[in-house]
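To start, the structure itself, in structure tokens.
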Amino acid sequence: MEDMRDHHANMIDAAEGDAIADGDFITLDFVGTVDGEKFEGGEAKDYPLNIGSKTFIDTFEDQLIGAKVGEEREIKVTFPENYHVKELADKPAIFKCKINSIKHKELPALDDEFAKKASAFQTLDELKADIRSNLEHSAERQAIHDQQDAVIEKAIENMKVDIPPVMIEDRITALIKEFEAQLQMQGMKIEHYMAMMGLDMDKLRENYRDPAVRSLQADFLLEAVAKAENIEATDQELNTELAYMAMMYRTSPKQIFKILKDNGQLANIKTNVIHRKARFLIIQNSNAAEHDEEEIATDSTVAEVTEK
């Protein structure tokens, strides 16, 4: 509910003499220096900033709280040790700032009128009931997904495979590219993300090493199962996959086909279908085995088998 309130909040100009508070939206001019010298990217005019978003390094935003429109402040911060610009890493900096504008966030009241404005419901109780239902269904889906992941994880633990280091490095690069694309959809660059998290590219790659290894292990597992069970992708399944992608990206299956073909990624579609079918087979067999255990259990062992 609070997320919905925040989404429907109004931004109102601060009254004359009002000071910056946490959550305010401001614009400011700033000039940053390190060792008395300006640095690239350290100067801006009318820069928009949400106080409390932690967009800027260290305590930059905190030090602006209490300032008023027209006021100038000198902000002292230290760049993170792993800052992506190595020349600035772990160095103290001074930013001379001038506040140009302040807007306060005005949240709507949580009442029936809000429910009518923010949804298709007429009362707040109806809206809450719908949100609760959606959250419960989401939790159920997540529980099923987690259980299925646990089955695959167990299968991975029982396999032995040597993965060439070059494959791991390539998978790390692919995962980072996927993450970078997600950030871009949110209007953020990966350089800004690393700065916020105090990471450099070496550290980011290291963070992705274990997920990359696990991802490759899963691929080897699914490929082995698909080969052993003669699992293939039918033309109808491939067409369905293309249609689903077209729906996601709001274009036509023909256009998706052309894009994938031009980028040499058509084979990935077939692999995705086969891997999904192999994954389903593993989970299906796991469920069948669990059912068999329950069938042979006596009344005195039902609780023990269920827990197991």
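The values are calculated or read from the model by the stated rules, or taken from the named source; none is laboratory data. All of these numbers come straight from a predicted model, not from anything done at the bench. Counting neighbours? That spans all protein chains shown, and the Cβs are built from the backbone with ideal geometry, glycine included. Side chains are part of the model used for accessible areas, which takes the heavy atoms of the whole protein and leaves out ligands, DNA and RNA. Shrake-Rupley method; radii C 1.70, N 1.55, O 1.52, S 1.80 Å.
Of the residues that make up the range 107-126, is at least one within 25 Å of Gly52 (Cβ to Cβ) and in a strand (DSSP E or B)? Checked against the condition, which is being within 25 Å of Gly52 (Cβ to Cβ) and in a strand (DSSP E or B), the range 107-126 yields no hits at all.
Rundown of residues vs (1) at pLDDT below 95; (2) under 30 Å from Phe56 (Cβ atoms); (3) charged (D, E, K, R); (4) in contact with a helix residue (DSSP H, G or I) (Cβ under 9 Å, 6 or more places away or on another chain), yes/no style:
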| site | (1), (2), (3), (4) |
| --- | --- |
| Glu81 | yes, yes, yes, no |
| His84 | yes, yes, no, yes |
| Cys97 | no, yes, no, yes |
| Glu106 | yes, yes, yes, no |
| Lys128 | no, no, yes, yes |
| Glu136 | no, no, yes, no |
| Ala143 | yes, no, no, no |
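Exactly one residue among Asp162, Asp202 is outside any helix (DSSP H, G or I) and out of contact with any helix residue (DSSP H, G or I) (no Cβ under 7 Å at 6 or more places or on another chain), and that residue is Asp162. When residues in the range 163-179 are screened for being of a type outside the set (A, V, I, L, M) and either touching a strand residue (DSSP E or B) at 6+ places or on another chain (Cβ under 6 Å) or surrounded by 16 or more Cβ atoms within 10 Å (Cβ to Cβ) (or both), 1 of them pass. Across the range 53-70, the qualifying residues are those that are among the aliphatic types (A, V, I, L, M) and either open to solvent by 70 Å² or more (accessible area, probe 1.4 Å) or closer than 22 Å to Met196 by Cβ (or both), and the one among them that is nearest to the chain's Cα centre (by Cα) is Ile57. Listed conditions (1) at positive phi; (2) surrounded by 15 or more Cβ atoms within 10 Å (Cβ to Cβ) are all met by Tyr208, apart from (1). Among the residues of the range 29-50, none qualifies, meaning not one is part of a loop (DSSP other than H, G, I, E, B) and at negative phi.
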